[in-house]
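Engineer: The following block contains the structure, expressed as structure tokens.
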């Protein structure tokens, strides 16, 4: 007699492939679940989702679902963080500080996917509403309704397929996202069932035709069966009720009979020396309806409402059990299938037979080995481990590794995508999905090459790409990639792309994004050479003029340019002559000092450099001065820097010069703030000089038009600098304001002046 195998006698429900693939994905933390609940509860308790469900109750239920399918406490803790994200100002920073970077990344990634799916569903709803309006309008006009569909799902085909694509892209970043989304969707359906509400056709169809098949592919059967039944209940409530009534009429009798047959069969097989585990298998409503519709059967003709499953050790035992069953029960003709000798296309193996007992009651019996059962329950993940990895594994990767499980799940996702694309009228015909060595999915255009792949992963990887391996074999860089291949790039530390890559006849690049990055690299190289040439010319000019102490940045600002590199570029391209720079360095002496224009006024007496409005926190009576580089004014955020001999220099917090000073001497930074805003001596409000830089297309009357704006805003202009180069005018106006917010209003009005391209505060 064969001894019973412990794996059969003491078998526990196996963990789904995706759960195994992600089991070690998050670091285990002490009391992570309790801390996450305490963290999220104050944020979620009074909030509701767009479905109307309380957010805290939803999170609690999703965590329980994850626990039921074998998810770790770390995974359960992330549930609460996902729903807390939208209530945090800086969720990445806050969650990372409390729970670590991995928890924060997973929570944010899942939140992004939720938002993406919501947007896709809203767009689909809008599209469906427009179609319905068109049909109603056509009916009113006595015309045939356009595009009338036979089934609700066809109305959503495009939106569902696009949603699948977005999900696949999300999985490429983190497989754990799918577990969170499937559990959340199941809870949403449970919620609507509990309140006897209607989730809407879009959500129910998406659940039935997108989420449930995904759970099926990944072997999460607990979610798959329940989601199918709930979604079908909302889509076809009357059919659901009818079938449920037929099942409930004799449920107790049926369950008692199945249990009795199960016990008798297991004892009988053990008596025959066959180690076997016999299970009762419930039949779900949606699967019953699918079989009735697929085979055009009545309810009485569905034999597997009563069903048993026999799991044995070896293939030979399967046929021994079949022989025993056919001897002790009456087989039903034409209801036997040998999927062991002829497996299904997806690799499924089992013996299926339908028999009747002495009372004529029919039930289905499935017979399979443990390996066949693992494949049936866990899909391609288990199948690939048995068939491909082998005992020693492939390239050092064993069949039991986390990497192996992850690869298997990703391959299944790719297969699922291909299945959907075949029924979605070629929506995926222009895209392929390949894998990185780390098992991330990369979406590429049809015909893409390893070079396209490298630039999609990272720009630097593309620049340094010198070779590629596809499924472990070296290939030319212009090889067209296929769906599901694993691509590894061979790179160098230095170097750049080849100009041959831009030759369309050689076929190195297909992606427009990759082509633009290659062109940008060569343009940057040419720009660097131009800047170097311009810098050399400017340096020689300053040496001739004896102005080597002059900073390039200061010279660029005097020329009305934004940076020294911009100055060098214009000189290198011969767009700015050295004569213009000489003129700027040696301005001609004016013959007479003309009266300033009426709109340019001298600074108000006693207000050239207001100092008394700044308070050094914690220190009294320190001399302060406003920095001319950034010209701060209330209510600007300000910082202080202790100078040598000139007191405290006051800068705007975003001043680049201040940032440079901080890097050199961080110990000399001091906290400052604005003090009283009124002049204690005269009672008049203090004013502050502020520089406003303007870039505009040069034209006649431009200066007058801009000055009129400042006059209308009642702003005192105390200085003007102008520079015109090749039809572009750069102007700097120094104005007096009591409040920096006045500057924003003036800049908005100046921006509306004809020809003005840019207005900014210097």
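Engineer: I need a count of the residues in the range 629-643 that are outside any strand (DSSP E or B) and either modelled with pLDDT of 80 or more or surrounded by 20 or more Cβ atoms within 10 Å (Cβ to Cβ) (or both).
Structural biologist: If we filter the range 629-643 for residues that are outside any strand (DSSP E or B), which is where we start, we get 629-637, 643.
The next check asks that each one be either modelled with pLDDT of 80 or more or surrounded by 20 or more Cβ atoms within 10 Å (Cβ to Cβ) (or both); those that pass are 630-637, 643.
Total meeting the criteria: 9.
Engineer: Let me ask something additional. May I ask you to list the residues in the range 510-557 that are in a helix (DSSP H, G or I), touching a helix residue (DSSP H, G or I) at 6+ places or on another chain (Cβ under 6 Å) and without any contact (Cβ under 8 Å) to a residue 40 or more places away in the chain?
Structural biologist: 533, 534, 535, 552, 553, 556
Engineer: Which fully enclosed helices (runs of 4 or more DSSP H) of the range 644-762 have 2 or more residues being at pLDDT below 80 and under 39 Å from the mean Cα position of the chain (by Cα)? Write out each step before concluding.
Structural biologist: Values: elements: 656-664, 702-712, 740-750.
Hits in the range 644-762: 656-664.
Engineer: Which one of 363, 329 is at pLDDT 80 or above, in the same structural domain as residue 260 (by TED's automatic domain parsing), buried (at least 19 other Cβ atoms within 10 Å of the Cβ) and closer than 30 Å to residue 241 by Cβ?
Structural biologist: 363
Engineer: What pairs come up if the first residue lies in the range 649-671 and is more than 17 Å from residue 690 (Cα to Cα) and outside the structural domain of residue 691 (by TED's automatic domain parsing), the second is part of a helix (DSSP H, G or I) and at pLDDT 85 or above, and their beta carbons are under 9 Å apart, counting only those six or more places apart or on different chains?
Structural biologist: As it stands, the answer is 661/668; 662/668, since those pairs meet every condition given.
Engineer: Search the range 745-762 for residues that are free of Cβ contacts under 8 Å to residues at least 12 places away in the same chain and pair each with any residue that is assigned to a strand (DSSP E or B) when their beta-carbon atoms are under 7 Å apart and the residues are at least 6 apart or on different chains.
Structural biologist: Qualifying pairs under 7 Å: 751/759.
Engineer: Might you let me know whether the range 563-579 holds any residue that is touching a strand residue (DSSP E or B) at 6+ places or on another chain (Cβ under 8 Å), assigned to a loop (DSSP other than H, G, I, E, B) and modelled with pLDDT under 80? Quick ask: steps written out before the conclusion?
Structural biologist: Of the residues in the range 563-579, the ones touching a strand residue (DSSP E or B) at 6+ places or on another chain (Cβ under 8 Å) are 570, 575-576.
From what's left, assigned to a loop (DSSP other than H, G, I, E, B): 575-576.
Next cut, modelled with pLDDT under 80 only: 575-576.
Looking through the range 563-579, at least one residue is touching a strand residue (DSSP E or B) at 6+ places or on another chain (Cβ under 8 Å), assigned to a loop (DSSP other than H, G, I, E, B) and modelled with pLDDT under 80.
Engineer: If we scan the range 486-504, do we find a residue that is modelled with pLDDT under 85 and surrounded by 16 or more Cβ atoms within 10 Å (Cβ to Cβ)? Walk me through how you get there before you give the answer.
Structural biologist: Taking the range 486-504 and keeping what is modelled with pLDDT under 85, we get 486, 494-495.
Okay, now just the ones that are also surrounded by 16 or more Cβ atoms within 10 Å (Cβ to Cβ), so 486.
Looking for residues that are modelled with pLDDT under 85 and surrounded by 16 or more Cβ atoms within 10 Å (Cβ to Cβ), one finds at least one in the range 486-504, hence yes.
Engineer: From the list 259, 263, 253, pick out the single residue that is loosely packed, with under 15 Cβ neighbours inside 10 Å and modelled with pLDDT under 75. Break it down into steps so the answer makes sense when it comes.
Structural biologist: Values: 259 fails: modelled with pLDDT under 75; 263 fails: modelled with pLDDT under 75.
The unique qualifying residue is 253.
Engineer: Sticking with this structure for a sec: Pairs please, first residue from the range 490-501 and more than 13 Å from residue 459 (Cα to Cα) and assigned by TED's automatic domain parsing to the domain that holds residue 465, second anywhere and in a helix (DSSP H, G or I) and at pLDDT 85 or above, Cβ atoms under 7 Å, 6+ apart in sequence or on different chains.
Structural biologist: Cβ pairs passing all conditions: 501/451; 501/518.
Engineer: Is it the case that some residue within the range 620-635 is farther than 25 Å from residue 555 by Cα, without any contact (Cβ under 8 Å) to a residue 12 or more places away in the chain and more than 38 Å from the chain's Cα centre (by Cα)? Working first, answer last.
Structural biologist: The first filter runs over the range 620-635 and keeps only residues farther than 25 Å from residue 555 by Cα, leaving 620-624, 633-635.
Next, from what is left, pick out any that are without any contact (Cβ under 8 Å) to a residue 12 or more places away in the chain: 620-621.
Checking which are more than 38 Å from the chain's Cα centre (by Cα) leaves us with 620-621.
Within the range 620-635, one or more residues are farther than 25 Å from residue 555 by Cα, without any contact (Cβ under 8 Å) to a residue 12 or more places away in the chain and more than 38 Å from the chain's Cα centre (by Cα).
Engineer: Residues in the range 196-219: is at least one outside any helix (DSSP H, G or I) and under 22 Å from the mean Cα position of the chain (by Cα)? Can you show your working first?
Structural biologist: Within the range 196-219, the subset outside any helix (DSSP H, G or I) is 196-200, 218-219.
With the extra rule that they be under 22 Å from the mean Cα position of the chain (by Cα), the set shrinks to 218.
Yes, that holds for at least one residue.
Engineer: If you don't mind, there's one more thing I want to ask. Answer yes or no: is there a residue in the range 485-500 that is in a helix (DSSP H, G or I) and more than 21 Å from the chain's Cα centre (by Cα).
Structural biologist: Checked against the condition, which is being in a helix (DSSP H, G or I) and more than 21 Å from the chain's Cα centre (by Cα), the range 485-500 yields at least one hit.
Engineer: I've got another one for you. Identify the residue in the range 93-128 that is at pLDDT 75 or above and more than 18 Å from the chain's Cα centre (by Cα) and, among all such residues, is surrounded by the fewest Cβ atoms within 10 Å (Cβ to Cβ).
Structural biologist: 97
The values are calculated or read from the model by the stated rules, or taken from the named source; none is laboratory data. Everything numeric in this text was worked out from a predicted model, so none of it was measured. Neighbour counts run over all protein chains shown; Cβ positions are idealised from the backbone, glycine included.
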